[in-house]
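Quick notes on the structure that follows.
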Amino acid sequence: MTSEQQPQPPKEPVGPVYADRVYRSPMSLAGGVALLALAAWIGIDAVVRGTGSTPWFALAGLLLTVPLVVAFTLRPAVFANEDRMRVRNPFRTIELPWGSVDAVRASYSTEVLADGAKYQLWSVPVSLRERKRASRQQARAATDDPYGRTKVNADVADAGVRRATADRIVDELNELAERGAARPTAKGAPAVRWAFEIIVPAVGGAALLAALFATR
């Protein structure tokens with residue numbers, strides 16, 4: 001007599017899948033590209049046409065400034081999926097499973113609270129001007145439709161548009177955290193990794209500049 005094997009339930013993927021949702025600052029990206037172009041133009045011109053120690057100063061300056069510009073403009077980003085969020089700040093990368101996230105909030109800056117620690121989201125800046133403009137639009141909409149005659153679905157869509165960008169992103173992240181906190185693959189403690197690919201060349205450039213100034 002043979003026993004029938006019971007079908008096994010499909011296993012959930014264990015590894016994290018990053019970049020399902022990506023949050024970055026378009027203004028920061030545009031500013032970073034412009035600053036890098038300016039630094040490359042000035043630095044390369046000084047290296048090619050400079051005399052004496054000028055090319056060395058230009059190289060040291062590029063070695064210092066390029067990583068810092070990348071760190072504060074192009075690098076910051078938040079990646080979120082069903083299991084966790086990955087916060088990439090100028091000098092650190094923080095991986096936060098949803099089970100460890102207590103809340104995401106935006107006051108004067110956007111922050112995530114996890115396991116008693118607080119981490120800032122550099123890629124989600126808070127614009128007080130945009131928030132005030134959104135509040136005025138909400139107040140104007142309430143005045144134009146005091147009896148609530150607008151359709152519900154249109155009202156919900158308009159309310160989302162009228163919210164400030166940082167507040168909308170915080171709502172999305174909190175929704176992901178609430179939905180994913182109970183998932184088995186969303187458990188674990190926060191993990192922090194330093195961005196040595198940014199820190200090492202910047203420190204090297206600063207040390208080279210200091211040595212050049214000391215030997216003048």
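The values are calculated or read from the model by the stated rules, or taken from the named source; none is laboratory data. Keep in mind that what you see is a predicted model, and the values were worked out from it rather than measured. Quick reminder, even Gly has a Cβ in these numbers, built from the backbone with ideal geometry, and neighbours come from all protein chains shown. What goes into the accessible areas is simple: the full protein's heavy atoms, side chains included, and nothing from ligands, DNA or RNA. Shrake-Rupley method; radii C 1.70, N 1.55, O 1.52, S 1.80 Å.
Restricting to the stretch 112-121, name every residue that is of a type outside the set (Asp, Glu), touching a strand residue (DSSP E or B) at 6+ places or on another chain (Cβ under 8 Å) and open to solvent by 30 Å² or more (accessible area, probe 1.4 Å).
Leu113, Lys118, Gln120
Within the stretch 192-201, can you find the residues that are assigned to a helix (DSSP H, G or I) and either within 21 Å of the chain's Cα centre (by Cα) or farther than 10 Å from Leu68 by Cα (or both)?
Across the stretch 192-201, the qualifying residues are Phe196, Glu197, Ile198, Ile199, Val200.
Name the residues in the stretch 169-182 that are under 24 Å from Ser123 (Cβ atoms) and either over 22 Å from the mean Cα position of the chain (by Cα) or of a type outside the set (D, E, K, R) (or both), would you?
Listed by number, the residues that qualify are Ile169, Val170, Leu173, Asn174, Leu176, Ala177, Gly180, Ala181.
Return only the number of the condition from (1) over 28 Å from Leu128 (Cα atoms); (2) assigned to a helix (DSSP H, G or I) that Val33 does not satisfy.
With respect to (1) over 28 Å from Leu128 (Cα atoms); (2) assigned to a helix (DSSP H, G or I), Val33 is out only on (1).
Yes/no per residue for (1) at pLDDT below 95; (2) in a loop (DSSP other than H, G, I, E, B); (3) more than 16 Å from Arg24 (Cβ to Cβ); (4) touching a helix residue (DSSP H, G or I) at 6+ places or on another chain (Cβ under 9 Å):
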site	(1), (2), (3), (4)
Val70	no, no, no, yes
Phe79	no, no, no, no
Val87	no, no, no, no
Glu95	no, no, yes, no
Gly99	yes, no, yes, yes
Arg105	yes, no, yes, yes
Ala134	yes, no, yes, yes
Val161	yes, no, yes, yes
Ala166	yes, no, no, yes
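Here's the yes/no breakdown for (1) surrounded by 20 or more Cβ atoms within 10 Å (Cβ to Cβ); (2) aliphatic (A, V, I, L, M):
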{"site": "Pro67", "(1), (2)": "yes, no"}
{"site": "Phe72", "(1), (2)": "no, no"}
{"site": "Arg75", "(1), (2)": "yes, no"}
{"site": "Asn81", "(1), (2)": "no, no"}
{"site": "Arg92", "(1), (2)": "no, no"}
{"site": "Leu96", "(1), (2)": "yes, yes"}
{"site": "Ser100", "(1), (2)": "yes, no"}
{"site": "Val104", "(1), (2)": "yes, yes"}
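If the Cβ limit is 6 Å and pairs must be 6+ apart or interchain, which residue in the stretch 81-105 that is within 14 Å of Gly188 (Cβ to Cβ) and charged (D, E, K, R) pairs with which residue that is at pLDDT 95 or above and surrounded by fewer than 17 Cβ atoms within 10 Å (Cβ to Cβ)?
Glu95/Ala191
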